[in-house]
Every structure is written in structure tokens, then in C-alpha cells.
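*Asks:* I have a structure here, written as C-alpha cells, and I will follow up with some questions on it.
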Amino acid sequence: MIKASELPDTIAIFPLGGALLLPRSRLPLHIFEPRYLQMLEDALKTRERLIGMIQPNEVPGRGGTGLHTIGCAGRIMQFSETEDGRYLITLAGVSRFRVVKEIEGFTPYRRCDVVWDGFDRDLGPDETDTAFQRQGFLKLLERYFDARQLSADWETLKEADDELLVNSLSMMLDFDPEDKQALLEAPSLTTRRETLVTLMEYQLRGGQESEMMQ
């Protein structure tokens, strides 16, 4: 377990739209671009072995791709090389961070100065959701899976701890990058579960509210 005092001021950044990493969760990644292979090699040389996952943020009227302000750092826990030089890695979510500024030059991948203030809970024990009404949530989830023709191990879902269930679904379900960002920025497990419910209900309605507003 990384302590708050061990978190670095500068980290490598992997901007990947739609990919969500949350504290105390695991994210498998496939690394194949040369710049990210270099990022992986450099990260493995550090004591913390951290990579910052963050959503790209398209800034109107500006060239290039911006970054959202908040991301989540993951520690490289597993990695294996394929015969053609690609890597399969697993990141374990450590803590969210806030971008201070992007560092120009020096590496083919992006790096940022970051701060970890305000995310102390990320380094603590698993969160619980005291207001969680699991039966109703699972009924909504079943409707959502049926509508998307998805399969699930329902026994495992029923037995999963609150945080594992909510965070795994937040990472796995196919939401837009902006929705993934909202799930990342949720200040507590309860608000993340509420956001997740809202997103599933909205998609089940087929975005009708948006169409009515237009």
C-alpha cells in the first residue's frame, strides 16, 4: 500500500477516452504504441510504478487534445510481454489526482505535475454505501443488461461488496467519456452509485429527455 507521503509530484499520463480506473479497482490494459511502451518502461524503473489514467478533453477552438482536470493513478501490478513486443498490464487504482500543469518535452508520452489533496479517502479502506438498496439496484441492472443483450454472473453480483459492485460496473459499462468522468469525480461511493443509477435509467429511456429538450 502506497502512503500519501510517497505519492510523487509528477506522473506519466495515459489519456484514454472511455477507460475508467477507480481507487482499489483493477484495470487491464493493452500497451502497444511506442510512446506508451516507453512510458511503461520508465514507470517500471520507479519505486511507485504509477501511471495516471485520465480522460481526454477536447477544448473548442484549440489545437491538440486537452485533459480533464481529475484522473486516477494506478500502480502496475502485473505485466506480460507478447511475442510481437506488446504488453498486457494490470493497474491497481491508488488515488485520484488533480492536474496542476502539463510538462512539455523530454518524453514521447505526456507527463503532468499533480496534487493529491482532497482525495484522502482513496488511500483508506473500502467504502460502504449505507443507503444502498441492493434488490432494487439489481432489478434495474437486470433490465439494463437485458436491453443491451449482456450476460452476467448474477450470483457473484449479488454477493459482491458494495464498493466492488459499484466500481466494477462503473468501469465496465459502456458510457460516454463525460459520463465516465462524472463517475470518477463522484465524492463518495453513495454519489457514484446514484450517478450510475441515473446513467442506466437515462439509457433505458433512450435519451428521451435530451430529445424533448431539443
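The values are calculated or read from the model by the stated rules, or taken from the named source; none is laboratory data. A quick note: this is a predicted structure, and the numbers were derived from the prediction, not measured. Heads up, the Cβs are rebuilt from the backbone with ideal geometry, glycines too, and the neighbour counts pull from every protein chain shown.
*Asks:* Kindly indicate which of ILE70, ILE76, ILE89, ILE51 is more than 13 Å from LEU40 (Cα to Cα), at pLDDT 95 or above and among the β-branched types (Val, Ile, Thr).
*Replies:* Numbers: ILE76 fails: more than 13 Å from LEU40 (Cα to Cα); ILE89 fails: more than 13 Å from LEU40 (Cα to Cα); ILE51 fails: more than 13 Å from LEU40 (Cα to Cα).
Of the residues listed, the single one that is more than 13 Å from LEU40 (Cα to Cα), at pLDDT 95 or above and among the β-branched types (Val, Ile, Thr) is ILE70.
*Asks:* Turning to a different aspect of this structure: On the basis of being hydroxyl-bearing (Ser, Thr, Tyr), within 21 Å of VAL99 (Cα to Cα), without any contact (Cβ under 8 Å) to a residue 40 or more places away in the chain and out of contact with any Ser or Thr (no Cβ under 9 Å at 6 or more places or on another chain), does SER5 make the cut?
*Replies:* Values: hydroxyl-bearing (Ser, Thr, Tyr): yes; within 21 Å of VAL99 (Cα to Cα): yes; without any contact (Cβ under 8 Å) to a residue 40 or more places away in the chain: yes; out of contact with any Ser or Thr (no Cβ under 9 Å at 6 or more places or on another chain): yes.
Yes; evaluated as a whole, the condition is true for this residue.
*Asks:* Restricting to the range 103-119, name every residue that is surrounded by 18 or more Cβ atoms within 10 Å (Cβ to Cβ) and farther than 13 Å from THR69 by Cβ.
*Replies:* Listed by number, the residues that qualify are TYR109, ARG110, ARG111, TRP116.
*Asks:* Please enumerate the residues belonging to the range 1-39 that are buried (at least 16 other Cβ atoms within 10 Å of the Cβ) and within 24 Å of GLU127 (Cα to Cα).
*Replies:* ILE2, LEU7, ALA19, LEU20, LEU21, LEU22, PRO23, ARG24, SER25, ARG26, LEU27, listed by residue number.
*Asks:* Of the conditions (1) in contact (Cβ under 8 Å) with a residue 24 or more places away in the chain; (2) in contact with a Leu (Cβ under 7 Å, 6 or more places away or on another chain), ALA131 fails just one. Which one is it?
*Replies:* (2)
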